[in-house]
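Worksheet: the structure to be examined is printed underneath.
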Amino acid sequence: MMVQRDKAEAAHHPGAALRSRRFATPFRYMLNNLREWIEVVLRKPTETLPRLSAGSIVAVLIVLAAIIALMFFVDAAATDWARGLPASFTNAFEEITNFGLSGWFLIPFGIALLCLAALASPGVPKMTRGVLDALAARLGFLFLAIGAPGLFDTIVKRLIGRARPYVGTHDDPFAYRPFVWQPEYASMPSGHATTAAAAAIAIGAIWPKSRPVMWLYALIIMFSRVVVIAHHPSDVLGGALVGGLGAWLVVRWFAARRLVFSAHDLRAFPGASLKRTIAALHAAFRA
């Protein structure tokens with residue numbers, strides 16, 4: 001009965017039915033393409049990756065040792081230093097630190113990915129579809145490489161339950177309340193530092209020339225978390241470790257499936273030129 005009524009309404013209102021089809025078709029393309037892209041990312045590895053070097057393992061261990069050392073010798077002193085800073089300096093960094101929120105990356109990457117999924121219809125030429133798929137793979141990598149470490153951080157920091165520097169009458173770097181799902185006890189590791197380091201690794205992996213700028217951005221965000229007394233230095237270094245290591249593991253995941261990166265040296269495959277990308281998007285709009 002419902003189907004018959006819908007058909008009858010469509011017959012009396014052909015304009016509304018046409019608009020409905022125009023909206024439903026790109027939405028259907030989007031869902032189908034997203035499903036196919038997710039299946040490609042989750043498929044079994046097809047390539048053998050180089051093993052992790054002993055040097056990289058030692059580097060991780062050194063960072064972990066540095067985090068512990070910061071807890072004992074630096075964290076409390078850093079909080080005292082930050083509390084003595086001029087209000088104008090602190091207020092400036094209150095604004096700067098907001099640029100470490102993951103939404104600055106995940107929202108535009110996510111929207112761009114959804115738009116590509118809606119544009120990549122079966123009617124586009126094969127070459128155009130190849131450019132769109134390659135661009136989608138890069139956007140998907142950036143979204144996962146920044147979002148996955150951030151999600152891990154969000155869960156782990158609340159399980160650890162370390163108090164933030166402003167909790168209590170004085171800063172106690174060893175105040176913990178594990179498994180307490182409260183923002184005041186979600187200091188280790190820093191989410192902003194995780195996002196900043198993950199973005200520096202992920203964006204730098206695709207565009208190596210951007211690495212100096214991205215790491216400068218990451219260092220400023222990390223510094224800002226201490227200045228605004230939201231985190232200890234050890235929290236920031238812990239977040240950098242989570243974000244950097246997490247993003248690098250996503251690089252390896254994609255390379256093992258021959259997506260975006262070469263399995264031989266983990267370098268990004270050459271992407272389409274800007275001119276070719278714009279032409280492909282224009283062709284997809286017309287299709």
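Taking chymotrypsin sites (Phe, Trp or Tyr not before Pro) as exposed when DSSP calls them loop (any state but H, G, I, E, B) and at most 11 other Cβ atoms lie within 10 Å, what is the longest stretch of the chain free of them, the sites themselves excluded?
Looking at the chain, 1-173 is the longest stretch - no exposed chymotrypsin sites (Phe, Trp or Tyr not before Pro) with at most 11 other Cβ atoms within 10 Å.
With a Cα-only, solvent-free Debye model of the stretch 189-262, what are the log10 I(q)/I(0) values at q = 0.20 Å⁻¹?
Debye intensities relative to I(0), on a log10 scale: -0.76.
With the calculation restricted to Cα positions, what are the radius of gyration and Dmax of the chain in angstrom?
In Å, with Rg to one decimal and Dmax whole: 23.6, 77.
Take the alpha carbon atoms of the stretch 164-287, find their radius of gyration, then divide it by 2.2 N^0.38 Å using N residues; give the quotient.
It is 1.41.
Within straight cross-link reach of residue 275, meaning Cα distance under 20 Å, which aspartates and glutamates are found once same-chain residues fewer than 8 apart are removed?
Straight-distance partners of residue 275: 133.
With each run of n ≥ 4 DSSP H residues scored as -39500 (n - 2.57), what mean residue ellipticity at 222 nm is computed for the chain after dividing by its residue count and rounding to the nearest 500 deg cm²/dmol?
One gets -24000 deg cm²/dmol as the mean residue ellipticity at 222 nm.
Can you tell me how much longer the chain between residue 287 and residue 85 gets when fully stretched, taken as 0.36 nm per residue apart minus their C-alpha distance, in nm with one decimal?
66.9 nm
Report, to the nearest 10°, how far helix 87-96 tilts away from the longest principal axis of the Cα atoms in the chain, using its own Cα long axis and a range of 0 to 90°.
Helix 87-96 sits at roughly 30 degrees to that axis.
For the stretch 57-191, place one equal point scatterer on every Cα, skip the solvent, and apply the Debye formula. What is log10 of I(q)/I(0) at q = 0.15, 0.17, 0.21 Å⁻¹?
-0.92, -1.06, -1.30
Coordinate-derived values only; no laboratory data. Keep in mind that what you see is a predicted model, and the values were worked out from it rather than measured. Here Cβ is always computed from backbone atoms with ideal geometry, including for glycine, and neighbour counts include all displayed protein chains.
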